[in-house]
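The values are calculated or read from the model by the stated rules, or taken from the named source; none is laboratory data. Remember, predicted model here, so these are calculated numbers, not experimental data. Here Cβ is always computed from backbone atoms with ideal geometry, including for glycine, and neighbour counts include all displayed protein chains.
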Amino acid sequence: TALLQVNQISKQYGNETLALSDVSFSVQEGEFVSVIGPSGAGKSTLLRCINQMVSTTNGAIQFDQKDVQGMNKKELRQLRTKIGMIFQHYNLVERLTVMENVLHGRLGYKSTLAGMFGFYQEEEKRRAIELLEMLGLGEQIYKRCDQLSGGQKQRVGIARALIQEPRMLLCDEPIASLDPNASKKIMDHLHSISRSMGITALVNLHQVDIALRYSDRVIGVSGGQVVFNGPPSDITEGT
Ligand code: ADP
Ligand code: ADP
């Protein structure tokens with residue numbers, strides 16, 4: 001059975017913009033799926049509907065066979081630990097250290113207080129260090145995030161998501177602000193994390209070539225609708 005099922009959802013902002021219209025697809029556990037399409041196609045809205053940062057106007061979304069719409073606050077918090085989010089602009093607390101940003105992911109708002117009083121558990125710190133070393137940030141652990149390159153910041157974002165032990169990562173244009181070298185590094189990390197940890201990935205990208213290279217399946221979105229859904233080979237053969 002699918003880990004994520006999206007059934008005929010639509011999203012209208014205000015009275016005007018129909019950002020998504022009758023979108024349906026599913027994602028199997030462990031799959032690495034890219035969502036491609038031009039700017040304004042609705043990719044970001046789609047990811048935000050899945051973790052309910054944005055509410056859908058119509059349709060149903062099920063994660064792990066549970067409807068995400070109508071979840072109460074506690075259920076939403078649980079959902080958002082199981083679905084890690086990676087952003088184009090990293091969304092780090094720049095004046096805090098790499099370590100603090102990662103532990104922040106673990107504890108949410110409580111960690112600010114916990115951090116001030118040094119209340120992190122040793123086990124959590126060990127796990128954070130392990131993840132940061134895996135991501136090649138062993139030398140950066142106690143640096144402030146405003147000292148890092150873009151690629152390094154995005155790897156901190158990945159560690160912050162992973163420390164919650166998510167089942168799925170939603171990545172919203174994770175490489176759109178990075179140069180080709182840093183982009184490749186991030187995509188390699190995301191792919192190997194998905195494969196080795198069995199974490200399902202849904203990644204918004206506007207670069208078709210990169211989507212084709214890394215994905216098990218590609219979903220094409222245009223004007224708020226799914227216009228393609230298939231393996232990369234279906235695209236390469238047809239062009
Ligand atoms: P993409 O991620 O593919 O660039 P988005 O989901 O960001 O697409 O945007 C889809 C459409 O919805 C666009 O027309 C955009 O202007 C509109 N839109 C996105 N967010 C909002 C919002 N918060 N309020 C109103 N319109 C929005
Ligand atoms: P990455 O692949 O992590 O993005 P880069 O090739 O961008 O790495 O950067 C290489 C090195 O240069 C990094 O170790 C980083 O410390 C340094 N660096 C790059 N950009 C910046 C920046 N804007 N501010 C501070 N250091 C930077």
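Picking from Arg106, Arg95, which residue would you name as being touching an Asp or Glu at 6+ places or on another chain (Cβ under 8 Å), in a helix (DSSP H, G or I), among the basic types (Lys, Arg) and at pLDDT below 95?
Numbers: Arg95 fails: in a helix (DSSP H, G or I).
Just one listed residue meets the conditions, Arg106.
For the range 174-212, a residue qualifies if it is in a loop (DSSP other than H, G, I, E, B), more than 16 Å from ligand 2 (Cβ to nearest atom) and either without any contact (Cβ under 8 Å) to a residue 12 or more places away in the chain or not aliphatic (A, V, I, L, M) (or both), and the qualifying residues are Gly198, His206, Gln207. Is there a residue in the range 159-170 that is surrounded by fewer than 23 Cβ atoms within 10 Å (Cβ to Cβ), of a type outside the set (A, V, I, L, M), outside any loop (DSSP other than H, G, I, E, B) and away from ligand 1 (no atom under 16 Å from the Cβ)? Within the range 159-170, none of the residues are surrounded by fewer than 23 Cβ atoms within 10 Å (Cβ to Cβ), of a type outside the set (A, V, I, L, M), outside any loop (DSSP other than H, G, I, E, B) and away from ligand 1 (no atom under 16 Å from the Cβ). Per the listing Lys43, Lys66, Lys73, Lys82, the residue uniquely farther than 28 Å from His191 by Cβ and either of a type outside the set (Val, Ile, Thr) or away from ligand 2 (no atom under 16 Å from the Cβ) (or both) is Lys73.
Filter the range 7-20 down to the residues that are within 11 Å of ligand 1 (Cβ to nearest atom) and outside any loop (DSSP other than H, G, I, E, B), then identify the one that is nearest to Cys49 (Cα to Cα). Before you say what the answer is, go through the steps one by one.
So the first thing to find is which residues in the range 7-20 are within 11 Å of ligand 1 (Cβ to nearest atom), and the list is 11-20.
With outside any loop (DSSP other than H, G, I, E, B) added as a condition, the list becomes 11-13, 17-20.
On the way: Lys11: 8, Gln12: 12, Tyr13: 12, Thr17: 15, Leu18: 14, Ala19: 11, Leu20: 10 Å.
Only one residue tops the list, namely Lys11.
Looking across the range 48-95 at every residue that is more than 13 Å from the chain's Cα centre (by Cα) and among the small types (Gly, Ala, Ser), the one that is farthest from ligand 1 (Cβ to nearest atom) is identified as Gly70.
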